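Remarks on the structure that follows.
The values are calculated or read from the model by the stated rules, or taken from the named source; none is laboratory data. All values reported here derive from a predicted model rather than from experimental measurement. Backbone-built Cβ (ideal geometry, glycine too); neighbour counts: all protein chains shown. Please note that ligands, DNA and RNA were not included when accessible areas were found on the heavy atoms of the full protein model with its side chains. Shrake-Rupley method; radii C 1.70, N 1.55, O 1.52, S 1.80 Å.
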Amino acid sequence: QVQFVESGGGSVQPGGSLRLSCAASGSIFSIFAIGWYRQAPGKQRELVARITPGGSANYGDSVKGRFTISRLNAKNTVYLQMNSLKPEDTAVYYCNIDPPGRDYWGQGTQVTVSS
């Protein structure tokens, strides 16, 4: 049984920071790349960052230079450090393998950036 549990969201002002955590259960954590996805109201879900089991990271253009993804394999946990947040970063953030498993979506964690 694969399960992802996201946490760490909240409300911040533009320019602020948040650190999201993704706890994964199941054996796939060490096999697949893990991605952080987000879905804003009225928009499709998009991949914002991904990290391979070996630690190689890739970022979407909209977050490059502001977000940092990392993973702690011993704890089956992936993090997303988000700095210089913008109102357009407002969304529900999810983690999943990349490409995403249809049945693996968790509840997500809400990030709201507003003055």
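One residue is enough: does region 55-65 have a residue meeting the conditions open to solvent by less than 70 Å² (accessible area, probe 1.4 Å), under 17 Å from Gln110 (Cα atoms) and part of a strand (DSSP E or B)? So far as region 55-65 goes, no, none of its residues is open to solvent by less than 70 Å² (accessible area, probe 1.4 Å), under 17 Å from Gln110 (Cα atoms) and part of a strand (DSSP E or B).
Being under 14 Å from Phe4 (Cα atoms), among the polar types (S, T, N, Q) and in a loop (DSSP other than H, G, I, E, B) is a condition met by no residue of region 78-85. Screening Pro41, Pro14 for residues that are in contact with a strand residue (DSSP E or B) (Cβ under 9 Å, 6 or more places away or on another chain) and either in a helix (DSSP H, G or I) or surrounded by 12 or more Cβ atoms within 10 Å (Cβ to Cβ) (or both) leaves exactly one candidate, Pro14.
Among the residues of region 26-35, those identified as within 17 Å of Arg102 (Cβ to Cβ) and small (Gly, Ala, Ser) are Gly26, Ala33, Gly35. Residue count for region 66-98 satisfying the condition of being touching a Leu at 6+ places or on another chain (Cβ under 9 Å), without any contact (Cβ under 8 Å) to a residue 40 or more places away in the chain and open to solvent by 50 Å² or more (accessible area, probe 1.4 Å): 1.
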